[in-house]
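Remarks on the structure that follows.
The values are calculated or read from the model by the stated rules, or taken from the named source; none is laboratory data. None of the values given here were measured: they were computed from a predicted structure. Positions of Cβ are generated from backbone atoms using ideal geometry, with glycine treated the same way; all protein chains shown enter the neighbour counts.
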There are 2 protein chains.
Amino acid sequence: MARPITDDITLQELQKATRNHGMPLEGLRYDITPVGMHYLLTHFDVPFVNADSWRLEVGGHVANPLVLSLDDIRARPQVTLPVTMECAGNGRAWLNPRPRSQPWLNEAVGTAEWTGTPLAPLLEEAQVQSGALEVLFTGLDRGRQADAEQWYQRSLSLEQADRPEVILAYAMNGLPLPPQHGYPLRLVVPGWYGMTNVKWLKAITAVTEVFSGFQQKVFYRIAQDDDDPGIQLSRMFPRSLLVPPGIPEFETRDRLLPPGPISLEGRAWSGWSPIAHVEVSFDGGGSWAAATLDPPVGIHAWRRWQFEWTAVEGEHVITSRATDEAGNTQPLEPRWNAKGVANNMAQTVVVRARPGVILG
Amino acid sequence: MARPITDDITLQELQKATRNHGMPLEGLRYDITPVGMHYLLTHFDVPFVNADSWRLEVGGHVANPLVLSLDDIRARPQVTLPVTMECAGNGRAWLNPRPRSQPWLNEAVGTAEWTGTPLAPLLEEAQVQSGALEVLFTGLDRGRQADAEQWYQRSLSLEQADRPEVILAYAMNGLPLPPQHGYPLRLVVPGWYGMTNVKWLKAITAVTEVFSGFQQKVFYRIAQDDDDPGIQLSRMFPRSLLVPPGIPEFETRDRLLPPGPISLEGRAWSGWSPIAHVEVSFDGGGSWAAATLDPPVGIHAWRRWQFEWTAVEGEHVITSRATDEAGNTQPLEPRWNAKGVANNMAQTVVVRARPGVILG
C-alpha cells in the first residue's frame, strides 16, 4: 500500500494545506455537498470584489464585444446543474518523490448545485469570428508563479466552450457564490478537473492562437519532467471514495467499529463517461466484490454506492475502485508525474473491528 | 524569526491538515467571515444528524430534566451575536519541536454571527440543584483518543455557564448551522477558544464533580510535559493578523507589490478584554508604530485596524501585535508547550516591493 512521504514537508506546502481544504470524507453522505465542506483550492488569493462595479468583458476576436454587469448575466436564461468537481492535484501526497504543491491525500472533491447561464449563447451574441481557435478565461486572481506575474487563465477550444452544459455560474447550492468559490461569477465545465473552472471571471476572450499560458501549457499536465510536453489535463479520471466506517482514532484517523454487519457506502465519478461499476476489496486488491449503485445525482455528478459487509474481529484494509463505461479504472498504485496530477489510485481505509466499540 | 519545523511532518498531521482548514488571511477583510472561509477543526468526525429525531437532553443534578426538540429550542428567546472564535491550537506549527496534532500556522480563526437562545434560562428551567459544580456539554462526535473511546465533552463552571452571552446556537450567518459547524445545535461561549464551543450537542448535564475528561484535563492545557498539570485553557489570548498585502508568490506565499503608498489592514481580538492597541513593526520588533483602530464588530468580535505605509523598493518583514486592556500582549517568539496551544506569537509577513508589479 502506497504511503505518502512524511519526512520533508516544506513550509510552502504547509501554508497551502492550512489555507485550502478537502471535503472531510464523511461529507460523501450528502448528494449535494454543503457549502464549506466542498473542497477548495485557491491558486493565488481570494479577490475582494465589489459586484456593483464588477463587469465581465466578452471580447477578442468577436464582432460584437460585450460588457456585462451581474444583473445582465442574471437576466439571461438560467440553468441549475449538480456537478462533481475534483482538484487535478487530488492524490498528490501519495506520490514518491512528492511534487511540491498543495499536498492533497484523497479528499479534494465535492458536488455542488451550480446555477448560472449557458456560455454558448453568450459567445453567439458576441459573434465569435472565423479564425478564432479558443476561448480564454481570465480570473481576477493574480500572483507570481514560475518567475512570471499572471492573472489565473485557462482556455477551452471553441468546441468545448460550446458544449451546452458549460455555464457561467453565479450561485452555489441556491445562494450567491461565496467569495472563495468565485464571487460574483465563475466558469463551470462539468466533467473537467477543477483548474478549468476559472473563478472570479473578469474576461472571456476569443483568441486566434492556442493559449500557451503557464496554467495551461506547463502546470496542469501529466509529464515526467520539464522537457516532457506531456498530456494536457481535461476530464476527471474515475475515482471511488468510501465514507470511512465506524469512529476515528484521533491520532491515526484509522477506524474502529464493533464486529458484525455494517453498510459501507461511498461515491464514484468519472469525467469521461458514466460509472459502470464499483468494486470493493478486503485483501488489497486480490479479489473484488461488486457494490450496489444508486442512480447518479445528475448527468455530471457522482453516484452513491453501497456494500453490505460483515466485519469479523481484527484489522481490515478496505479498498474500493471505480470503472467507467469508457473502460477507465483506478490503479492500485500511484502513477507518478512531475506535477503530481491525476493520481486516481484506489483509496484504502484501515478498520479495526473490536468487541465493545460504541459507534457515534 | 521563528520558522516551523519542516523536516518531519507525519501522515497523521497531513490527514488533519487536508480535512481541517484555516481562514485564508484575505478573509480578514470581512467583518463577518463568509461560511466556508471560517476556520474549521473537527475533532473526530462530522456526525450525520437527522434533526427531526434529534433531541437535546438537559439533565443530571437537576429537579426538572428536559428533552427538547429543535423546534422547542427555536421557540425560545432568540439572540444574534457576532463572535470571533479561534482554535486553541492556532500557531502550533511554529513550535520547535512541534507537538503532533493539527499543524496550524496563523489562520485558525473566524467571526460568525451566531443565532440561538441563551443557556442560563434553560438551566434555570431545568432547576439545577444545590451541589452541582459544573455543566457538562456532550457532543455527538465520538472517537478514540489517548487509548480511550469518548464522546467529545467539555464542561463550564456554573458561573461561566450562567454568563448571559453563552448561547445554544442553531444558525450561523443567518442560515441553519452547516453540518460541519455543529448542526443542529452547538454551544457558543464568546471569548473562549474554539474547543469550548461544543458542536452537535446531545446532552447538557449538571454534575457534582469537576469534570476530568480528556479534552478538559489532558489535552487543552498549557503544560510542559505529561506530569505537569499546567493551566487549563479558557479565553483567547490577544492576536493581531494582517491581510497579506499585494499579490502572492505561488511557491512561497511571500508578497509582491509596487513601491509606493499602501494601506495595510488587519484584525485584532482578545478574549480577556477589549483590544487597547495594535502596533506595526518593519524591523522585526525593534520599533513599533501605532495602527488606527475601527470600533469592534461586536463586544465579542474582532476590531479592524489600518496602517498607512509607504513601501520603498526592497524586501520588508511586517510584524503586527495586539495588546488588550488587561495588559496582555503578543510575544515575538513562541512560548513552547507540550500540546502546542495558545501560541499567540506575532505574525510576520514577507513583502517584496518591486517596480512594475501589477496588483490584482
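Give, as residue ranges, the strands (runs of 3 or more DSSP E) completely inside segment B:213-278 that count at least 1 residues that are under 19 Å from the mean Cα position of the chain (by Cα) and more than 12 Å from every other protein chain (Cβ to nearest Cβ).
In segment B:213-278, B:239-242, B:260-269 are the strands (runs of 3 or more DSSP E) which contain 1 or more residues that are under 19 Å from the mean Cα position of the chain (by Cα) and more than 12 Å from every other protein chain (Cβ to nearest Cβ).
Starting from segment B:139-163, keep only residues that are facing chain A (nearest Cβ under 10 Å), then list their pairs with residues that are assigned to a strand (DSSP E or B) and β-branched (Val, Ile, Thr) whose Cβ atoms are within a distance under 6 Å, requiring at least 6 positions of separation or different chains.
B:142/A:247; B:143/A:247; B:151/B:138
Where residues in segment B:28-39 are at pLDDT 95 or above and within 7 Å of another protein chain (Cβ to nearest Cβ), which of them is farthest from residue A:106 (Cα to Cα)?
So, considering only residues that are at pLDDT 95 or above and within 7 Å of another protein chain (Cβ to nearest Cβ), the one farthest from residue A:106 (Cα to Cα) is B:29.
Would you mention how many residues in segment B:339-360 are aliphatic (A, V, I, L, M) and within 19 Å of the chain's Cα centre (by Cα)?
Result for segment B:339-360: 4.
Just checking, how many residues over segment A:342-360 are out of contact with any helix residue (DSSP H, G or I) (no Cβ under 7 Å at 6 or more places or on another chain) and more than 14 Å from chain B (Cβ to nearest Cβ)?
3
Exactly one condition in (1) over 17 Å from residue B:40 (Cβ atoms); (2) touching a helix residue (DSSP H, G or I) at 6+ places or on another chain (Cβ under 9 Å) is not met by residue B:180; state its number.
(1)
Give B:253, B:267 a once-over and let me know the one that is without any contact (Cβ under 8 Å) to a residue 40 or more places away in the chain and crowded, with 19+ Cβ neighbours inside 10 Å.
B:253
Looking at A:155, A:130, which is the one that is in contact with a strand residue (DSSP E or B) (Cβ under 8 Å, 6 or more places away or on another chain) and of a type in the set (S, T, N, Q)?
None of the others qualify; the one that does is A:155.
For segment B:90-130, which residues satisfy the criterion of being in contact (Cβ under 8 Å) with a residue 24 or more places away in the chain, under 30 Å from residue B:65 (Cα atoms) and part of a loop (DSSP other than H, G, I, E, B)?
If the condition is that a residue be in contact (Cβ under 8 Å) with a residue 24 or more places away in the chain, under 30 Å from residue B:65 (Cα atoms) and part of a loop (DSSP other than H, G, I, E, B), then B:127, B:129 are the ones that fit.
For residue B:204, work out the one condition from (1) in contact (Cβ under 8 Å) with a residue 12 or more places away in the chain; (2) not in a strand (DSSP E or B); (3) not assigned by TED's automatic domain parsing to the domain that holds residue B:261 it doesn't fulfil.
(2)
Only one of A:213, A:246, A:230 is closer than 28 Å to residue A:116 by Cβ and among the small types (Gly, Ala, Ser); which?
Going through A:213, A:246, A:230 in turn, just one is closer than 28 Å to residue A:116 by Cβ and among the small types (Gly, Ala, Ser): A:213.
Which condition number does residue B:82 fail, the rest of (1) under 29 Å from residue B:268 (Cα atoms); (2) part of a loop (DSSP other than H, G, I, E, B) being met?
(2)
Look at residue B:243 and say whether it is at pLDDT 95 or above and either surrounded by fewer than 24 Cβ atoms within 10 Å (Cβ to Cβ) or within 27 Å of residue B:24 (Cα to Cα) (or both).
Taking the combined requirement at face value, the residue satisfies it.
Restricting the search to segment A:346-360, which residues are surrounded by fewer than 19 Cβ atoms within 10 Å (Cβ to Cβ) and of a type in the set (Gly, Ala, Ser)?
If the condition is that a residue be surrounded by fewer than 19 Cβ atoms within 10 Å (Cβ to Cβ) and of a type in the set (Gly, Ala, Ser), then A:356 is the only one that fits.
Among the residues in segment A:94-113, are any within 13 Å of another protein chain (Cβ to nearest Cβ), surrounded by fewer than 23 Cβ atoms within 10 Å (Cβ to Cβ) and small (Gly, Ala, Ser)?
Within segment A:94-113 (the criterion being within 13 Å of another protein chain (Cβ to nearest Cβ), surrounded by fewer than 23 Cβ atoms within 10 Å (Cβ to Cβ) and small (Gly, Ala, Ser)), the answer is yes, since at least one residue qualifies.
For segment B:220-239, how many residues are among the acidic types (Asp, Glu) and surrounded by 12 or more Cβ atoms within 10 Å (Cβ to Cβ)?
So the answer is 1.
For segment A:42-60, state whether one or more residues are basic (Lys, Arg), more than 7 Å from every other protein chain (Cβ to nearest Cβ) and within 20 Å of residue B:244 (Cβ to Cβ).
There is no residue in segment A:42-60 that is basic (Lys, Arg), more than 7 Å from every other protein chain (Cβ to nearest Cβ) and within 20 Å of residue B:244 (Cβ to Cβ).
So is residue A:100 modelled with pLDDT of 95 or more, over 25 Å from residue A:29 (Cα atoms) and assigned by TED's automatic domain parsing to the domain that holds residue A:220 or not?
The answer is no for residue A:100.
Please specify each residue of segment B:172-201 satisfying the condition of being within 13 Å of chain A (Cβ to nearest Cβ), part of a strand (DSSP E or B) and within 13 Å of residue B:38 (Cβ to Cβ).
Hits for segment B:172-201 are B:172, B:175.
Which residues, counting only those in segment A:319-353, are polar (S, T, N, Q) and part of a loop (DSSP other than H, G, I, E, B)?
Within segment A:319-353, A:328, A:330, A:337, A:343, A:344 qualify.
Restricting attention to segment A:7-27, and to residues there that are within 7 Å of chain B (Cβ to nearest Cβ) and out of contact with any helix residue (DSSP H, G or I) (no Cβ under 9 Å at 6 or more places or on another chain), which single residue is modelled with the highest pLDDT?
Selected residue: A:15.
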